[in-house]
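All remarks here apply to the structure that follows.
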Amino acid sequence: MKKIFSLLFIASILLSACSADGVDSTPKLPTAQVSTKTPKVESTPETVSQLNVKEEALKGLEITVWTPWYGIESTLFDSFVSEFNSSNPWGIKVSTQSQGNFSNMYETVTASLSTDEEPDLVIALPEHALEWNNEGAVTDLTPYVNDPMYGIDPSDFSPAFWSQDVSGDVRVALPAQRTAGFLLWNKTWAGELGFDSAPAAPDDFHQQVCRAQKSMLNDASSENDFMGGWIVDTEPMTDYAWMLAFDGGVMEGNNFGFLKQQNINALKFLRELSENQCAWQVNETDPVTAFAAREALFITAGLKDLPTIARAFASANNTDTWDVIAYPGADQDAFVVYGSSYVILNSTDQEQLAAWLFVRWLLEKEQDKRWVETTHLFPLRSSTMDLLNDYKKTHPQWAQAIELLPDAQIQPQLAMWRKVKVMLGDGFSHMYRVNLPSGQVAVILTQMDSIVSELSK
């Protein structure tokens, strides 16, 4: 079996793990759902801040924010900055600089630490924040959250969102955006195949995808005989979610660990689907197009993809009903929430408070609503849902995703996840690329453990 893995493969994983980034034991967490109004000091004569910054010290203060965005997200964020600058009562001025993507953001911020170029606030991935925190560069936001004058109510946030950015007793960040990957299921087609409900367990999923594939053998075309089931997706969060659905995962105690029976069961299950032609990989076909054309009963997609998929069905004149579902597990279904966070870097007390006030304003439900309507991601606050009734009606699959939030799970809260998740995706892809037999999947997990051991040195 060792011949399956060449030194070149191991080296490629190590190199990619050390250089690439993405934006998916993990606790099961409860629910939450998720301004253009002028920010105000929420104080009474008896309310006194514990942050030891006089309000007049904020007047005219300038702070710099680095973002990873481009396109519509960057445009919306710039409009937020303009509104805050023109309306905040402290006269704080925010300037922004886009770093283009999360990988470049990580590299640029890391190089800027303890220099004159260091920004006050960055929008980064949680694992990046944890790494900078390990270097002593991140402001603990616990006192700001709890401050009687400038604080924020944690109970209005989903625990799955709120708990991600914590390391021990330190809050290293606050959620900026959260999304998740899901399975999409063609309910109408499944009904025609004899299934009246979404799969509730892996065996149910197996039955549905295999019956969909067999149905493709009954038409006049031979070109689609391998289609019909699940289109394989090798993204790290997909692999991670399937492991969780089989009661496995990527953690062993407080460290990463892969070689466990539950993970073997998960990968064996997925490989057997391909061996039985119940799962297939796309070449030139777009999964969204295939799903809308009834060439796949299931595909994997993120929240931001849902409007595109709805348009694809409309373009194909396909009136089928399709639903968002979690990855079916024997004991519990699984899906992982992930996304970017607001990270305040160490500076002066005054600049840190100014950055906090901007973040707190960004997290008000009016701004949160506009983020949802622009990006189609999760609302961060429960109270935001009161403003999204119309959006919910016109985006039924998004509303289904919101209903699944009580079962949301989070990413590992370790800085090394930055490298490990890339290795996870590479290993998963390699398993399909070399058509690894289902009986040999343990070798993939063994190799992952070996690589993690090397990365930890």
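The values are calculated or read from the model by the stated rules, or taken from the named source; none is laboratory data. Note that the coordinates shown come from a computational prediction; the quantities given were computed from them, not determined experimentally. FYI the Cβ positions are ideal-geometry reconstructions off the backbone, even for glycines, and counts take in every protein chain you see.
Of the residues Ala399, Ala354, only one is buried (at least 19 other Cβ atoms within 10 Å of the Cβ) and either under 27 Å from Ile325 (Cβ atoms) or not assigned by TED's automatic domain parsing to the domain that holds Val250 (or both); which? Spell out how you get there, then give the answer.
Working: Ala399 fails: buried (at least 19 other Cβ atoms within 10 Å of the Cβ).
From the options Ala399, Ala354, the qualifying one is Ala354.
With respect to the conditions (1) under 14 Å from Cys278 (Cβ atoms); (2) buried (at least 18 other Cβ atoms within 10 Å of the Cβ), Ser158 lacks only one, and its number is (1). Just one residue in the set Asp333, Asp320 is buried (at least 20 other Cβ atoms within 10 Å of the Cβ), in the same structural domain as Met243 (by TED's automatic domain parsing) and at negative phi; that residue is Asp333.
Does Ser383 fit the bill of being more than 23 Å from Glu235 (Cα to Cα), outside any helix (DSSP H, G or I) and not aliphatic (A, V, I, L, M)? Against the criterion (more than 23 Å from Glu235 (Cα to Cα), outside any helix (DSSP H, G or I) and not aliphatic (A, V, I, L, M)), Ser383 does not qualify.
Would you mind stating whether Leu244 is modelled with pLDDT under 95 and in a helix (DSSP H, G or I)? Before you say what the answer is, go through the steps one by one.
Working: modelled with pLDDT under 95: no; in a helix (DSSP H, G or I): yes.
For Leu244, the condition - modelled with pLDDT under 95 and in a helix (DSSP H, G or I) - is not met.
Residue by residue, here is whether (1) part of a helix (DSSP H, G or I); (2) touching a Gly at 6+ places or on another chain (Cβ under 8 Å); (3) surrounded by fewer than 22 Cβ atoms within 10 Å (Cβ to Cβ) holds:
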{"residue": "Ala111", "(1), (2), (3)": "yes, no, yes"}
{"residue": "Thr115", "(1), (2), (3)": "no, no, yes"}
{"residue": "Pro119", "(1), (2), (3)": "no, no, no"}
{"residue": "Leu130", "(1), (2), (3)": "yes, no, no"}
{"residue": "Tyr144", "(1), (2), (3)": "yes, yes, no"}
{"residue": "Gly151", "(1), (2), (3)": "no, no, yes"}
{"residue": "Leu183", "(1), (2), (3)": "no, no, no"}
{"residue": "Gly191", "(1), (2), (3)": "yes, no, yes"}
{"residue": "Ser197", "(1), (2), (3)": "no, no, yes"}
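Apart from one condition, Ser340 fits all of (1) surrounded by fewer than 19 Cβ atoms within 10 Å (Cβ to Cβ); (2) polar (S, T, N, Q); (3) within 21 Å of the chain's Cα centre (by Cα); the exception is (1). Can you confirm whether segment 202-212 contains a residue that is buried (at least 21 other Cβ atoms within 10 Å of the Cβ), under 21 Å from Ala408 (Cα atoms) and aliphatic (A, V, I, L, M)? Looking through segment 202-212, none of the residues is buried (at least 21 other Cβ atoms within 10 Å of the Cβ), under 21 Å from Ala408 (Cα atoms) and aliphatic (A, V, I, L, M).
Just a yes or no: is a residue in segment 281-288 assigned by TED's automatic domain parsing to the domain that holds Ala212, more than 14 Å from Gln208 (Cα to Cα) and part of a helix (DSSP H, G or I)? Yes, some residue in segment 281-288 is assigned by TED's automatic domain parsing to the domain that holds Ala212, more than 14 Å from Gln208 (Cα to Cα) and part of a helix (DSSP H, G or I).
In this structure, does Phe77 turn out to be assigned by TED's automatic domain parsing to the domain that holds Ala355, under 17 Å from Gly339 (Cβ atoms) and out of contact with any Gly (no Cβ under 8 Å at 6 or more places or on another chain)?
On the way: assigned by TED's automatic domain parsing to the domain that holds Ala355: yes; under 17 Å from Gly339 (Cβ atoms): yes; out of contact with any Gly (no Cβ under 8 Å at 6 or more places or on another chain): yes.
Yes.
Confirm whether Leu259 is modelled with pLDDT of 95 or more, within 24 Å of Ala180 (Cα to Cα) and not acidic (Asp, Glu).
Values: modelled with pLDDT of 95 or more: yes; within 24 Å of Ala180 (Cα to Cα): no; not acidic (Asp, Glu): yes.
It is false that Leu259 is modelled with pLDDT of 95 or more, within 24 Å of Ala180 (Cα to Cα) and not acidic (Asp, Glu).
Out of curiosity, is Glu366 over 30 Å from Asp247 (Cβ atoms), in contact with a Lys or Arg (Cβ under 7 Å, 6 or more places away or on another chain) and not assigned by TED's automatic domain parsing to the domain that holds Ile231?
Numbers: over 30 Å from Asp247 (Cβ atoms): yes; in contact with a Lys or Arg (Cβ under 7 Å, 6 or more places away or on another chain): yes; not assigned by TED's automatic domain parsing to the domain that holds Ile231: yes.
Spelling it out, Glu366 is indeed over 30 Å from Asp247 (Cβ atoms), in contact with a Lys or Arg (Cβ under 7 Å, 6 or more places away or on another chain) and not assigned by TED's automatic domain parsing to the domain that holds Ile231.
Is segment 372-379 home to any residue that is within 19 Å of Glu83 (Cβ to Cβ), polar (S, T, N, Q) and outside any loop (DSSP other than H, G, I, E, B)? Yes, some residue in segment 372-379 is within 19 Å of Glu83 (Cβ to Cβ), polar (S, T, N, Q) and outside any loop (DSSP other than H, G, I, E, B).
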